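Every number in this text was worked out from the coordinates using simple rules, so none of it is lab data. The model shown is predicted, which means the values in this text are computed figures rather than measured ones. Here the Cβ positions follow ideal geometry from the backbone for every residue, glycine too, while neighbour counts run over all protein chains shown.
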Protein chains: 2
Amino acid sequence: MSRKAPTIHDVALRAGVSPATASNVVNGNRPVGDESRARVMKAIGELGYRPNRLAAALRAKRSRLIGVVVPEISNVFFASLVHGIEEQAAASGYELVLVSSSEDKAIEQRRIEALLDRQIEGLIVVPSNDASFAALRDKRCGGVPPTVLVDRGCGSPGVDTVGAECAAGALAATRHLIGLGHRDIAVLTPWINLANIRARIEGYTRALDEADLSPRARVCVGGPTLDGLRGAIEQDLHRADRPTAIFALTNVAALAAIKAVRALGLDIPGDVSIVGFDDFDWMCALRPYLTTVAQPVDEFASSAWRLLMQRLSGAARAEEVRIELPCALKVRESTGPARPRLKIAAGA
Amino acid sequence: MSRKAPTIHDVALRAGVSPATASNVVNGNRPVGDESRARVMKAIGELGYRPNRLAAALRAKRSRLIGVVVPEISNVFFASLVHGIEEQAAASGYELVLVSSSEDKAIEQRRIEALLDRQIEGLIVVPSNDASFAALRDKRCGGVPPTVLVDRGCGSPGVDTVGAECAAGALAATRHLIGLGHRDIAVLTPWINLANIRARIEGYTRALDEADLSPRARVCVGGPTLDGLRGAIEQDLHRADRPTAIFALTNVAALAAIKAVRALGLDIPGDVSIVGFDDFDWMCALRPYLTTVAQPVDEFASSAWRLLMQRLSGAARAEEVRIELPCALKVRESTGPARPRLKIAAGA
DNA sequence: GTGAAAGCGCTAACAT
DNA sequence: ATGTTAGCGCTTTCAC
């Protein structure tokens with residue numbers, strides 16, 4: 001901050017070449033003679049020149065900035081996703097501008113506008129709702145940069161999407177529970193208006209159907225917060241015909257289910273079996289290790305990046321690409337055979 | 001992307017005012033007459049004008065971009081920190097450019113250079129090592145923007161820092177263990193060359209001293225990865241005089257300790273008590289709920305942001321500010337009375 | 001292979 | 001209160 005930083009002009013001056021040539025050795029946009037190149041390199045070293053990427057971006061209309069939008073950075077799932085994306089970005093000479101929507105549609109729109117104003121070249125979004133992207137596109141009349149939707153909004157028309165085979169994952173999980181003898185299986189979910197969640201519910205429903213258990217389907221909706229989810233499932237757990245198994249459709253829902261079951265003094269999986277969603281280290285550290293439907297989050301990140309780069313390089317086909325990656329059911333300790341319900345001990 | 005976006009020039013033209021006036025209604029830098037203001041607003045609406053923040057930043061030399069550097073985004077602690085910072089940034093009209101150092105000094109330097117090239121106005125860094133910032137400053141000969149170091153590098157000269165009272169936290173944790181009758185308490189840590197870690201070790205050592213247990217101090221160093229940490233503590237656990245308690249100095253170390261103890265078929269806290277570091281939801285979901293030293297991560301974020309904004313506004317004093325926030329020992333279920341060691345069951 | 005010149009879109013001086 | 005002008009630092013025609 002002492003005296004103002006040298007510009008490419010200074011470099012050119014010192015090297016006795018034109019700014020254009022200096023620029024060309026820095027960016028390799030066009031061939032440069034060995035003689036000139038050497039002198040420019042020398043000048044750069046002596047001056048400690050660093051290019052101003054802001055100016056370069058303005059002129060070249062290439063910011064090499066990618067906007068990343070997630071509902072909640074502190075959610076392990078999204079944090080892992082961002083981690084994966086950042087790795088790719090660093091390797092490709094891009095930087096990430098990260099914003100959070102807090103699961104709020106209005107905030108999301110506002111934050112995305114901020115990203116667009118910054119001339120980001122592309123967008124990777126876990127939208128707060130399935131219609132987010134369509135809304136954005138409508139408002140901007142098509143003036144939206146290449147975008148990839150991840151985890152949510154999968155299959156939206158006109159945009160590349162990456163997601164999991166949620167229905168299949170949920171089907172496997174529910175079958176597992178039914179195979180264990182469970183007949184009262186509750187689903188715990190933050191909401192039901194997202195397609196990926198609906199797919200999970202559909203998988204659940206299908207499994208129930210197969211076993212003629214459809215009438216016993218029950219879905220607890222608790223909102224995005226831990227407390228809300230916990231409250232929702234606790235209510236269900238208080239009923240006389242309380243579920244003997246809970247299928248939590250997100251990692252936060254799984255946490256909520258565990259806490260609720262504990263709070264009632266019930267045993268996992270003795271009284272209540274639990275299947276979660278997503279798979280992270282802490283889920284198999286303390287007991288019981290959680291049975292869960294693992295989503296391939298690293299592949300989410302790499303697929304999303306690949307798709308985005310294809311769009312940016314113009315190498316992509318006109319139609320949207322829709323990637324669906326398989327989930328893996330990890331059977332661990334939180335699920336066990338169904339047992340007859342005991343009353344909750346008074347005062348427990 | 002259809003036809004090129006309107007510029008402030010177009011707005012001015014349509015409103016019948018000068019670009020300067022249009023700019024002034026957009027930015028409120030100088031007062032504008034009601035008449036002109038209204039016409040500019042109208043033009044903006046009709047054209048769907050959005051300012052190009054890249055150009056504005058270049059001209060005004062104010063990017064309103066803050067660089068954030070963390071060792072590992074997927075680590076819950078850092079993810080929570082970033083979450084907190086992003087909230088503040090959004091509220092203050094800034095955006096965050098997020099990079100990860102992967103705990104690697106060279107990568108860190110490279111990524112920070114990339115941030116500086118983008119003319120970020122400030123830097124919030126969890127450095128990969130205590131000397132990172134000094135190295136950066138040396139290399140750039142003072143050409144470094146306002147910076148706040150968080151979690152690590154606390155007390156570094158010439159830079160604002162935010163951290164926890166690690167020694168006190170560790171002292172409390174170790175006293176708790178000693179009070180439970182433990183005499184062989186191992187520390188598990190990724191490394192010992194970071195000041196915050198050394199402070200934790202110092203707190204541990206002090207507590208040992210108080211109880212005349214100094215000769216029994218043992219520190220297992222396992223590197224940053226879960227597997228490395230787990231391997232390190234497993235070795236110690238295999239010894240005949242294995243520890244009856246483990247004090248893990250990071251959340252990853254805690255996870256490693258738990259996994260290692262489990263793998264040996266030992267009970268927590270029956271055979272081995274564990275105290276962790278940091279506090280997150282999953283730590284008190286599955287059993288046993290983890291006793292841990294909680295760092296006030298949200299306050300880390302808000303303090304760091306406040307400090308940075310003070311520097312940016314010039315409202316800060318010349319000397320560096322050093323903030324140390326208290327930790328809280330959360331006593332839960334993973335710590336219990338020391339019991340005589342039993343042999344590890346053969347074949348377990 | 002190299003240079004001269006024109007701006008990217010915006011805002012800060014300096015006018016009035 | 002408003003307009004005019006210059007130029008942030010860079011890249012890119014277009015010449016040679």
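Got the relative contact order for chain B handy, in percent, Cα pairs under 8 Å and 6 or more residues apart?
Relative contact order for chain B comes out at 15 percent.
How big is D, in µm² s⁻¹, for region B:266-339 by Stokes-Einstein at 25 °C and 0.890 mPa s if Rh is the Kirkwood radius over C-alpha pairs?
Details: Rh = 14.7 Å.
In µm²/s, the coefficient is 166.
Run through all the Cα pairs of the protein assembly as shown and give the fraction in each 10 Å bin from 0, expressed as whole percent.
The calculated distribution, bin by bin, is 3, 13, 21, 23, 20, 12, 6, 2, 0.
Checking the cross-link filter: which aspartates and glutamates have an alpha carbon closer than 14 Å to that of B:LYS61, excluding same-chain neighbours under 8 positions apart?
The reachable aspartates and glutamates, counting only those whose Cα sits under 14 Å from B:LYS61, are B:ASP117, B:GLU121.
Per the Kirkwood formula on distinct C-alpha pairs, the Rh of chain A is how many angstrom? Show your work: numbers first, answer last.
Values: mean 1/r = 0.0438 Å⁻¹.
22.8 Å is the Kirkwood radius here.
Among A:LEU149, B:LEU115, A:LEU58, what is the fewest-to-most ranking by other Cβ atoms within 10 Å?
A:LEU58, B:LEU115, A:LEU149
Counting other beta carbons within 10 Å of each residue's own, what order do B:THR225, A:THR292, A:THR244, B:THR7 fall into, fewest first?
Fewest to most other Cβ atoms nearby, the residues stand as B:THR225, B:THR7, A:THR244, A:THR292.
So which of A:LYS139/B:LYS4; A:LYS4/A:LYS42; A:LYS4/B:LYS105 end up more than 23 Å apart, counting from Cα to Cα?
Details: A:LYS139/B:LYS4 16 Å; A:LYS4/A:LYS42 20 Å; A:LYS4/B:LYS105 27 Å.
Too far apart for the 23 Å limit: A:LYS4/B:LYS105.
Given label points at 7 Å from Cα along Cα→Cβ, what nm distances, shortest first, separate B:GLU113 from the same residue in every other copy?
Sorted ascending, the copy-to-copy spacings read 3.9 nm.
At 0.692 mPa s and 37 °C, plugging the Kirkwood radius over alpha-carbon pairs of region B:1-105 into Stokes-Einstein gives what diffusion coefficient in µm²/s?
201
So which trypsin sites (Lys or Arg not before Pro) in region A:239-288 are both in a DSSP loop and have at most 12 other Cβ atoms within 10 Å of their Cβ? Provide the component values of the computation, followed by the final result.
Details: sites: A:ARG239, A:LYS259, A:ARG262; in loops: A:ARG239.
Passing both the DSSP loop test and the Cβ count: A:ARG239.
Give me the Kirkwood hydrodynamic radius of region B:52-147 in Å, from all C-alpha pairs, to one decimal place?
Value: 13.8 Å, from the Cα pair sum.
For region B:192-326, what log10 I(q)/I(0) values come out of the Debye formula at q = 0.14, 0.16, 0.20, 0.21 1/Å, with one point per alpha carbon and no solvent?
-0.74, -0.90, -1.23, -1.32
If you take each beta carbon of peptide A:98-108 and count the beta carbons of other chains within 10 angstrom, what is the mean?
3
Any idea how far the Cα center of region A:135-205 sits from the one of region B:184-259, in Å?
Cα centroid of region A:135-205 versus Cα centroid of region B:184-259: 43 Å apart.
Round to a whole angstrom and tell me the spacing of the C-alpha centers of region A:299-334 and region B:272-348.
Here the two parts' Cα centres lie 35 Å apart.
Could you list A:LEU136, B:LEU307, A:LEU312 so that the one with the fewest beta carbons within 10 Å of its beta carbon is first and the one with the most is last?
Final ranking by Cβ density, sparse to dense: A:LEU312, A:LEU136, B:LEU307.
Let me confirm one metric for peptide B:68-81, namely the mean number of other chain beta-carbon atoms within 10 Å of its residues' beta-carbons. Walk me through the numbers before you get to the answer.
Details: counts 1, 0, 2, 0, 2, 13, 13, 3, 7, 1, 4, 10, 3, 2.
Per residue, the number of nearby Cβ atoms from other chains is 4 on average.
Suppose every K and R has +1 on its Cβ and every D and E has -1 on its Cβ; what is the size of the dipole of region B:132-248 about the Cα centre, in Debye to the nearest 20?
Charge dipole of region B:132-248: 220 debye, to the nearest 20.
Looking at region B:128-274, what % of the alpha carbon pairs are farther apart than 25 Å? Can you show the working numbers first?
On the way: 3655 of 10731 pairs.
When every Cα pair of region B:128-274 is considered, 34 percent fall beyond 25 Å.
With runs of 4+ DSSP H residues as the only contributors, calculate the mean residue ellipticity of chain B at 222 nm using -39,500 (n - 2.57) per run, divided by the residue total and rounded to the nearest 500.
Mean residue ellipticity at 222 nm (helix-derived): -13500 deg cm²/dmol.
With an 8 Å cut-off on Cα pairs and a minimum separation of 6 or more residues, tell me the relative contact order of region B:196-348 in percent.
Relative contact order, region B:196-348: 22 percent.
Is region A:192-265 rounded, prolate or oblate when judged by the Cα gyration tensor, a ≥ b ≥ c being the square roots of its eigenvalues, rounded requiring a/c under 1.5 and prolate requiring a/b larger than b/c?
Working: a/c = 2.25, a/b = 1.25, b/c = 1.80.
Note, shape of region A:192-265 comes out oblate.
At 1.002 mPa s and 20 °C, plugging the Kirkwood radius over alpha-carbon pairs of region B:97-172 into Stokes-Einstein gives what diffusion coefficient in µm²/s?
Rounded, D is 165 µm²/s.
Give me P(r) over region B:222-265, computed from all C-alpha to C-alpha distances, binned every 5 Å, as integer percentages.
Computed distribution, short to long bins: 6, 26, 38, 22, 7, 1.
Over the Cα atoms of region B:294-335, what radius of gyration and what Dmax do you get, in Å?
According to the Cα coordinates of region B:294-335, Rg and Dmax are 15.0, 48 Å.
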